[in-house]
Ligand code: CBY
């Protein structure tokens, strides 16, 4: 074959390689599917306390292609009932997550999205977040993770948003990407997913804009990807155990922004599989997020017009809880130091059965002294969240919250989940993020 014939073939080959370069994914191989069983047990056996937890699980099951209707139908009903109950009290991120879950692929649930004007409500919620930022020194009503989810849902479902406003909001130097001056991987990763969706829309000509916005969105993705990669730990985790799944999704869809040598995806995957076997993912929201990623999917795969995948159609769904998550019914007691710190420190020693969680300690302390150790709690998709202690309430406008610490180190689990140890020093501290 002459050179003149080879050229077009080489050209074709070159172009066919480009899409691969834009999306690089590593996923669990079929012979390792059994290692995902603990995630599916957590997702299918827990009683969902909030509708957003059900939405997290529904979204994940649909994206990975589990079509078992006896699992899917009740979840979809719970999510819709929750919308009916909470109505306009849903936050921007909750509404976005619910929309993603109901419209993850082509099902009859799509009607619910339109009949209930979920996209219109979401547009208003995002506007309210922006208004709050104007009135309160750049702090949104909720947080930037939820703003990211909101923009992502509007982008995927072709709602209304302004690209120049998105480009301005998601500039990497924005304070909302940082807690205590530290870059938050969860938040940055969600922003990369949202910005990538917006960028694809611009490139495909779905949304009209000037070149300036496209360039600035691309620069933001570049800079956020760099920050995400700089949070990579020696064992491959990115941020911590619970942010790694979302971080991986962000890296899957942005592989034109880093070199292959900058991230060993397989190492990260292996570490996550090890964490699963050690029982790290006992919350449905945590299990759902990471399952999506491990099956090589991202939230950008949400497509209400595309038939539901059947990748894991025949996946053997475990029907009972794994032994690792049920702590032994041990009669032994342990004692811990517990303190509440505002500017003064209030301390006590508490005895609880071994296997108790942080919340059990707080409840015991409250029994001893309601004035000093009284507190309020709310359910979130990540379990119970402490909203006030001694009547002092956390406030997003002031960026104040009740931080959980053990022996002076900030915890990466919530009060309902963190199992306490003998003679540990536990603290709830009035903090500013
Ligand atoms: N989701 C949200 O709105 C939450 C977004 C999120 C970035 C989230 C982590 C990540 C996620 N995937 O959902 C987040 N946390 C935020 C924004 C916040 C702030 C909430 C206030 C606001 N502005 O909206 C705030 C106050 C800084 C915060 N998280 C506090 C805490 C502590 C809660 C203590 C309490 N008062 O009960 C705590 C326990 C940290 C501490 N040491 O005090 C905490 N968060 C943790 C540990 C976590 C992780 C949970 C992991 C787990 N296994 O339980 C987390 C996944 C998450 C939930 N927070 Co915040 C981050 C991580 O470790 N990777 C959208 C909605 C629809 O679901």
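Annotations for the structure displayed:
- Among the residues of segment 94-124, the one identified as more than 24 Å from residue 285 (Cβ to Cβ) and in contact (Cβ under 8 Å) with a residue 60 or more places away in the chain is 106.
- The residues of segment 87-104 that are assigned to a helix (DSSP H, G or I) and more than 12 Å from the ligand (Cβ to nearest atom), listed by number, are 87, 88, 89, 102.
- Count of segment 222-242 residues which are under 12 Å from residue 272 (Cα atoms) and touching a strand residue (DSSP E or B) at 6+ places or on another chain (Cβ under 8 Å): 1
- Hey, residue 138 in a loop (DSSP other than H, G, I, E, B), surrounded by fewer than 17 Cβ atoms within 10 Å (Cβ to Cβ), assigned by TED's automatic domain parsing to the domain that holds residue 72 and in contact with a helix residue (DSSP H, G or I) (Cβ under 8 Å, 6 or more places away or on another chain) or not: yes
- Test result for residue 213, in contact (Cβ under 8 Å) with a residue 12 or more places away in the chain and under 17 Å from the mean Cα position of the chain (by Cα): no
Every residue, every condition in (1) within 14 Å of the ligand (Cβ to nearest atom); (2) touching a strand residue (DSSP E or B) at 6+ places or on another chain (Cβ under 9 Å), yes or no:
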site: 343; (1), (2): no, yes
site: 348; (1), (2): no, yes
site: 397; (1), (2): yes, no
site: 430; (1), (2): yes, yes
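- Residues that are within 10 Å of residue 24 (Cα to Cα) and under 15 Å from the mean Cα position of the chain (by Cα) within segment 250-266 comprise just one, 251.
- Long-range neighbours under 6 Å by Cβ, at least six apart or interchain, first residue under 20 Å from residue 410 (Cβ atoms) within segment 219-240, second more than 13 Å from the ligand (Cβ to nearest atom): 235/271; 237/271; 238/232
- Filtered residue count, segment 204-226, keeping only those that are loosely packed, with under 13 Cβ neighbours inside 10 Å and either modelled with pLDDT under 90 or in contact with a helix residue (DSSP H, G or I) (Cβ under 6 Å, 6 or more places away or on another chain) (or both): 6
- Of all the criteria given as (1) within 16 Å of the ligand (Cβ to nearest atom); (2) assigned to a helix (DSSP H, G or I), the one not satisfied by residue 225 is (1).
- Of the listed requirements (1) within 16 Å of the ligand (Cβ to nearest atom); (2) within 30 Å of residue 310 (Cα to Cα), residue 139 misses just one: (2).
- The listed residues are 78, 146, and the only one of them that is assigned to a helix (DSSP H, G or I), within 12 Å of the ligand (Cβ to nearest atom) and surrounded by 15 or more Cβ atoms within 10 Å (Cβ to Cβ) turns out to be 146.
- Residue count for segment 163-193, restricted to those that are in a loop (DSSP other than H, G, I, E, B), in contact with a helix residue (DSSP H, G or I) (Cβ under 9 Å, 6 or more places away or on another chain) and more than 12 Å from the ligand (Cβ to nearest atom): 5
- Selection count where residues are in a helix (DSSP H, G or I) and either more than 16 Å from the ligand (Cβ to nearest atom) or in contact with a strand residue (DSSP E or B) (Cβ under 9 Å, 6 or more places away or on another chain) (or both), scope segment 251-293: 19
- Residue within segment 202-209 that is assigned to a loop (DSSP other than H, G, I, E, B), more than 15 Å from the ligand (Cβ to nearest atom) and closer than 28 Å to residue 401 by Cα present: no
The values are calculated or read from the model by the stated rules, or taken from the named source; none is laboratory data. Since this is a predicted model, take the numbers as computed values, not measurements. Neighbour counts are summed over all protein chains in view; Cβ atoms, including those assigned to glycine, are modelled from backbone coordinates with ideal geometry.
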